[in-house]
Amino acid sequence: MSTEAYVRSHIEHGINTIEFFHPQSNSLPGKILEELAREIHFAGTHDDTRVIILKSAGEKTFCSGASFDELVSIQTETEGLKFFSGFANVINAMRKCPKFIIGRIQGKCVGGGVGLAAAVDYAIATDKSEIKLSELAVGIGPFVVGPAVERKIGTSAFSALAIDAGNWRNTEWARKKGLFAEVHESIENMDEAVYRLASTLTHSNPAAMAEMKKIFWKGTEHWDELLKERAAISGKLVLSEFTRNAINKFKAKK
């Protein structure tokens, strides 16, 4: 398996599979976020793409969220805004994409990884896919991904996740709250479900699916501005001494 981070896109029979990987538990540095946003945008405009599958490599972690190495390297509010805008750009690309996005969630989701799982249109997970919004534990908060998570699971569940930032919630909790549409006992069963649904959607009316997607995301039209404002909050907080110390302590534990 490759040890180099990547984002890859592959189209077959109308299914556009976008896969990302990072050697540090599929974390998300700025370059990966930029490539993800670009691939999702392209897939949305590509006539041969009928449906999108978003997945990550490996078996244990779907996505561990923001890259700590990049977080500690941020020196100015402008740099902070740019980094956290990467998450905003990915979520907005998913929101505006006229094709349905199926999330293949094969493992743990942390922070921004929960945001990705919430922003797909239909998430299919294994029973090992625990979730945690860890941002407060490192001195920031789930500001950018918050709207996507809250939209999917509601204010009460989102608040619980965001406040109890050190605690994992199991897959069943995530399914009951609506983050995951389906949960399967093995990666094989999950993959079967992902490709069954994707195959069905390739034979569905693209215009109908595009109109449905608009309805599902109704009320989010202001997110281009909202998520940028949220990115600025995170970009400012990440510069504080409190946050720097918290991130360094977190990194030392790893």
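Read-outs: derived from the displayed coordinates by stated rules, not from any lab. The model shown is predicted, which means the values in this text are computed figures rather than measured ones. A quick note on method: Cβ atoms are made from the backbone with ideal geometry, for glycine too, and the neighbour counts reach across all protein chains shown.
This model, with +1 at the C-beta of Lys and Arg and -1 at the C-beta of Asp and Glu, gives region 6-202 a dipole about its Cα centre of some 400 debye. Apply the Kirkwood formula to region 102-254: the hydrodynamic radius equals the inverse of the mean of 1/r over all pairs of different alpha-carbon atoms; give it in Å with one decimal. Final number for the Kirkwood radius of region 102-254 is 16.7 Å. Placing +1 on the Cβ of each Lys and Arg and -1 on the Cβ of each Asp and Glu in region 98-196, which of THR171, ALA118, MET190 has its Cα farthest towards the positive end of the resulting dipole? Farthest along the dipole direction, towards plus: ALA118. Normalised Debye scattering of region 6-202 at q = 0.18, 0.20 Å⁻¹ gives log10 I(q)/I(0) of -1.24, -1.53, counting only Cα atoms as equal scatterers and leaving out solvent.
Which order results if SER186, SER129 are arranged by neighbouring Cβ count within 10 Å, fewest first? Walk me through the numbers on the way to the answer.
Numbers: SER186 11, SER129 26.
By the 10 Å Cβ count, ascending, the order reads SER186, SER129.
Computed from the mean reciprocal separation of all distinct C-alpha pairs, what Kirkwood hydrodynamic radius does region 133-205 have, in Å? Present the calculation step by step, with values, prior to reporting the outcome.
Numbers: mean 1/r = 0.0708 Å⁻¹.
Result for region 133-205 stands at 14.1 Å.
When HIS46, HIS41, HIS10, HIS184 are sorted by how many other C-beta atoms sit within 10 angstrom of their C-beta, beginning with the fewest, the order is HIS10, HIS46, HIS41, HIS184.
Of all the options ASN167, ASN89, ASN189, the one that moves most in a Gaussian network model of the chain with Cα springs shorter than 10 angstrom is ASN189.
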